[in-house]
Amino acid sequence: MSVSALSTPRALGGVSGLLQVASLLGLVLLLLKAAQLYLRRQWLLKALQQFPSPPSHWLYGHMQEFQEETELQPLLKWVEKYPSACARWLWGTKALVLIYDPDYKRWSWGDQSHDSYRMLIPWIGNGLLVLEGQTWFQHRRMLTPAFHYDILKPYNMRTKVDMGLMADSVRVMLDKWEGLINPDSHLEVLGHVSLMTLDTIMKCAFGHQGSIQTDRWSDPAEEGSPAEGARAGEGEEQEAPGFPGHPPLRQKPLVVRPHLPSEWLPFRDHLDQMPYITIRIKERYDGGGDGMLPPDRHLPCYPSGILVPWWIGARSLTPPVLAPVLSLQVFDPSRFAPGSDRHSYAFLPFSGGSRNCIGKQFAMNEMKVAVALTLLRFELAPDPSRVPVPIPRVVLKPKNGIHLQLRKLL
Ligand code: HEM
């Protein structure tokens, strides 16, 4: 009898013993994980018990109610049914607290956790939006002066030197529209507008020369063209995920704009003379008091707490007795007219507190310039065959773009 024939059963016994130990260990780990998930869910259920929500499945939460196409509709129904806030279960141990009652102003904005923004780091870098604590504070303090009203002025108005960088970018976009339209055509404008805003920020913040709007590879009008397919294969830069028409954001900044020369300081402020455009922009952008939240509880006490600016608008701009059609769906700029009776926390497109949008004045200026220059050149009408379908993503966005009929004014 050979030695190997004798040792084989012993070796096999050793291997199966090891396998048994490994599967036992695996089972223990699995049980531990299950117990951990169970405890987390119990903790969540307790933490969220004050927030109403329709019944949810223990594993896939409210997922069945939200199909991508029609996601906004169930959300609006919830706003109608639960007037201040509610909980939306994503799956077993993940839930969102949605808050849309302006009376929750006592919540500390500043303490809002930015944990959920970590997934954005590979995309937009470790910038102000995702920073926290002392580092955020230092960076915010350093950047705030760059967004001061007086610093922003030269970007948007006629000065001795310049018509304004924002106006330049808008003009490039409008010139392109002129070349693209004909009397019967409609135009998808969202891609163009996104590219124009990117152009503006690259010029204003990084001193970028030229216009990315006229670079052939970034022209939204060419989307889907054979040329684009060929370019994609050539290893050139692709568009940034989620930003149609935008090239990837660069890791290293371009040349940072130095201090502006003093002759750029403005002597005329056109923007302050546009009250009607301002209230229309605010209306387009909009989309606690009942003891649900104890006064000493702050947002981070709740898992994944988010404040939904356009929801706050949807809820609080509605008359006290909720109308069947929520105010979000009715365009009524008079709500923002001076002297109108509006809750001071009802308009929060730029958030509030210390983590509010540092670029809000910049963005408002840019919108005013763009709207004013566009209306001087074109008459706009919605394309009835392609009504924009809003879908709630990081921000509320139209699903298939914004299609308009444009007519050039003589
Ligand atoms: C219409 C345009 C804009 C809207 C609606 C908007 C909205 C917001 C909101 C709601 C926040 C708070 C996010 C949060 O805390 O979860 C925010 C933060 C921020 N926004 Fe904007 N924003 C706009 C344009 C801009 C522009 C043009 C810039 C830069 C030039 C900018 C830079 C920032 C930065 C850096 C933060 C983070 C601030 C911090 O955490 O200290 N935003 N924005």
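Results, tabulated for the structure shown:
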{"read-out": "Residues being part of a loop (DSSP other than H, G, I, E, B) and either modelled with pLDDT under 80 or within 16 Å of the ligand (Cβ to nearest atom) (or both) - total across region 213-223", "value": "3"}
{"read-out": "Failed criterion for GLU237 (all others in (1) more than 30 Å from LEU410 (Cβ to Cβ); (2) of a type outside the set (Lys, Arg); (3) at pLDDT 90 or above hold)", "value": "(3)"}
{"read-out": "Selection within region 377-391 - assigned to a strand (DSSP E or B) and of a type in the set (A, V, I, L, M)", "value": "LEU380, ALA381, ILE391"}
{"read-out": "Where a residue in region 169-192 is under 20 Å from LYS203 (Cα atoms) and its partner, wherever it lies, is modelled with pLDDT of 90 or more and basic (Lys, Arg), with Cβ under 6 Å and at least six apart", "value": "LEU174/ARG377"}
{"read-out": "Condition met for ARG141 (modelled with pLDDT of 65 or more and basic (Lys, Arg))", "value": "yes"}
{"read-out": "Lone qualifier among SER354, SER385 - being modelled with pLDDT of 75 or more, exposed (fewer than 14 other Cβ atoms within 10 Å of the Cβ) and within 16 Å of the ligand (Cβ to nearest atom)", "value": "SER354"}
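The values are calculated or read from the model by the stated rules, or taken from the named source; none is laboratory data. Here the structure is a predicted model, which is why all the values come from computation and not from measurement. Every residue, glycine as well, gets a Cβ built from its backbone with ideal geometry; the counts of neighbours run over all protein chains shown.
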